[in-house]
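Only one structure is covered here, and it is reproduced in the block below.
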Amino acid sequence: MESLTNKKKVLEAKPLNFWERAYLPAIAQGLSITIKHFFKKPVTIRYPEEKREFSENYRGLHSLKRDEEGRERCTACGLCALSCPAEAITMIAGERQPGEEKLYREEKYAAVYEINMLRCIFCGLCEEACPKEAIYLDGDIVPSDFLRKDFIYGKDKLVEAPLNQ
Amino acid sequence: MELALVLEKFILVAIIFGISLVTAMYSTYAERKVAAFLQDRVGPNRAGPFGIFQPMADGAKMFMKEEIIPTQSSGLLFIVGPSLAILTACIGSAVIPWGQKLTIGSRVIDLQVTDINVGILYIFGVVSLGVYGIMIGGWASNNKYSLLGAIRAASQNISYEIAMGLSIIALLMLTGTLSLRQIAEQQHGFWSNGWFTWNVFRQPLGFIIFIICAFAETNRSPFDLPECETELVGGYHTEYSSMKLGFYLFAEYINMFISSAVMATLYFGGFNFPFMHHLGLSENLVTILGVVALFIKIIFFIFFFMWVRWTIPRFRYDQLMDLGWKVLIPLAIANIVLTGVFATIFK
Ligand code: SF4
Ligand code: SF4
């Protein structure tokens with residue numbers, strides 16, 4: 001067939017010459033290549049002690065943000081849950097009572113907010129959907145655990161630490 | 001026989017046995033480390049500093065594993081297989097001269113368990129017995145993959161034993177003796193009468209044939225077809241679990257150790273090292289340094305085994321047979337003829 005890419009190369013199977021058929025020179029060559037690698041620096045990153053540098057827009061663990069005054073931004077609109085292709089997010093909304101203005105920014109807030117980290121595919125769509133800039137995937141890798149139930153992260157793990165007074 | 005001699009031999013046997021087992025244990029660790037380094041990795045590094053205790057952890061794991069004996073297997077033979085493999089691997093070390101004589105007080109201690117005058121033949125015999133362990137294990141498993149692996153091992157060993165034996169004949173024409181101690185002593189020092197004393201410089205072709213056959217005899221890559229994972233699941237030890245599997249794997253490493261020792265003794269001067277008698281050291285010190293020299297050579301060969309394993313892929317089975325029958329055997333015969341001619345001319 002006519003080559004469309006200009007990369008076509010016709011290879012001929014040449015009969016091996018004596019030294020090629022003798023195997024040993026080729027094996028010696030191979031050995032010399034591997035021994036060079038013996039003295040090279042290993043490329044391994046020793047994970048728990050050492051960490052690979054994440055890129056700027058790496059999508060890690062979610063965190064629920066607070067605003068400048070330390071109030072939770074999330075208003076439990078459910079858009080994140082709706083946009084989530086993996087259906088990893090569930091929440092129960094609560095109404096802000098008088099006197100809780102310091103805790104929640106909006107009148108409606110998420111009383112329960114859970115993300116199942118085993119379902120989540122870290123696509124970042126929740127982050128994009130949120131009208132309140134309340135959720136960001138700016139955390140670390142999800143740590144390992146033994147039980148499935150421990151991978152359902154509630155507000156205790158998701159919400160940012162309160163601002164220092 | 002006096003009691004002291006029995007005691008002395010007993011201690012020597014115990015030490016050699018211990019050393020072979022420890023070397024085999026640490027070969028498993030070394031294999032993983034060498035593989036890792038050759039592939040720019042780190043290798044096991046969790047158990048102790050640099051993963052030094054990894055072999056112990058592996059051993060403990062092997063013992064803890066569930067012992068499965070398939071119901072369709074032939075019970076007794078299934079157990080005999082690995083036992084025979086490890087037994088034959090261990091008894092090969094009896095005739096290897098680990099060093100010269102050590103003098104303690106008035107006692108002269110021979111650092112060799114026994115200097116029988118058919119040393120090489122003994123090693124050959126033991127090595128050929130080794131294939132029974134594999135053969136019986138593969139047969140008793142009653143599994144087609146195991147059986148195929150066992151058949152491969154048997155036919156491979158038989159084919160390469162011929163070339164190995166022929167390459168040894170050329171060596172024996174020069175040494176005139178079968179005793180490993182005498183062969184080692186003939187290679188005294190490093191240089192005399194205008195030529196190297198080590199046999200590798202007098203038998204280069206013979207050595208190449210021997211080392212290729214040694215790879216095949218120990219079932220090491222590129223000749224590890226008996227346990228070829230891509231075709232045979234696990235080869236002859238597919239059905240084995242727990243320490244029985246451990247014994248098979250262990251036997252391979254002990255075999256590697258013994259064949260390294262044999263190669264070092266036959267071709268690389270055994271316990272001899274350059275200038276051993278020009279340094280003005282006491283006899284005992286020279287002996288001890290000789291033992292160290294032998295072990296350095298052995299470790300080098302073990303490293304070489306691993307180095308080759310992680311460099312080249314395994315042969316196809318017909319290529320393996322081609323190489324054995326059509327290349328190595330004619331070459332070995334030619335080597336005998338050449339050796340005869342040269343020995344007559346340069347007598
Ligand atoms: S990152 Fe994607 S999958 Fe994970 S919770 Fe957000 S929307 Fe769902
Ligand atoms: S995190 Fe954002 S999108 Fe999700 S419920 Fe809260 S406010 Fe709505």
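At-a-glance table
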| item | result |
| --- | --- |
| Two-site label geometry, B:ALA60 and A:VAL10: point separation in nm, points 7 Å out along Cα→Cβ | 6.6 nm |
| Cβ charges +1 (Lys, Arg) and -1 (Asp, Glu), total dipole of the protein assembly as shown, debye | 1380 debye |
| Residues B:VAL327, B:VAL108 arranged by fewest to most Cβ contacts within 10 Å | B:VAL108, B:VAL327 |
| More than 30 angstrom apart: percent of Cα pairs within the protein assembly as shown | 63 percent |
| Spread of Cα-to-Cα distances over 5 Å intervals beginning at zero, given as percent, for segment A:99-165 | 3, 12, 22, 26, 17, 11, 7, 2, 0 |
| Residue mean of other protein chain beta carbons inside 10 Å, B:26-39 | 2 |
| Unmatched cysteines, the protein assembly as shown - criterion: no other Cβ of a Cys under 4.7 angstrom | A:CYS74, A:CYS77, A:CYS84, A:CYS120, A:CYS123, A:CYS130, B:CYS90, B:CYS213, B:CYS228 |
| Fraction of the pair-distance distribution of segment B:69-345 above 37 Å, Cα-Cα pairs, percent | 18 percent |
| Chymotrypsin sites (Phe, Trp or Tyr not before Pro) within segment B:248-277: DSSP coil, no more than 13 neighbouring Cβ in 10 Å | B:PHE275 |
| Sequence-separation-based contact order of segment A:62-158, relative, with Cα cut under 8 Å and 6+ spacing, percent | 35 percent |
| Mean Kyte hydropathy of 0.0 or more with a Cα span along the axis of at least 20 Å, helices from DSSP in chain B | B:3-38, B:75-91, B:119-140, B:144-175, B:242-267, B:283-309, B:329-345 |
| Average beta carbon contacts from partner chains per residue of B:310-317, 10 Å cutoff | 3 |
| Ranking of B:SER20, B:SER167, B:SER106 by count of other Cβ atoms within 10 Å, fewest first | B:SER106, B:SER20, B:SER167 |
| Cβ-based charge dipole, the protein assembly as shown, positive-most Cα from A:PRO98, B:GLY189, A:PHE38 | B:GLY189 |
| Simple label model, 7 Å out from Cα along Cβ direction - B:SER242 to A:ALA86, nm | 4.1 nm |
| Net +/- balance of residues flanking B:TYR240 in space, Cβ distance below 14 Å, scoring K and R +1, D and E -1 | -3 |
| A:GLU53, B:GLU161 arranged by Cβ crowding within 10 Å, fewest neighbours leading | A:GLU53, B:GLU161 |
| Set B:LYS33/B:LYS65; A:LYS65/A:LYS108; A:LYS41/B:LYS33 screened for pairs whose C-alpha atoms are more than 20 Å apart | B:LYS33/B:LYS65 |
| Estimated FRET transfer efficiency (A:GLU133, A:LYS51; beta-carbon r; R0 25 Å; 0.05) | 0.35 |
| Degrees separating the helix A:24-38 axis from the principal Cα axis of chain A, which is the longest one | 30 degrees |
| Separation in nanometres of the label points that stand 7 Å from Cα toward Cβ, at B:LEU129 and B:THR71 | 3.6 nm |
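No value in this document is a laboratory result; all are computed from the given coordinates. The shown structure was predicted, so the numbers you read here are calculated from the model rather than taken from an experiment. So basically every Cβ, Gly included, is an ideal-geometry build from the backbone, and we count neighbours across all protein chains shown.
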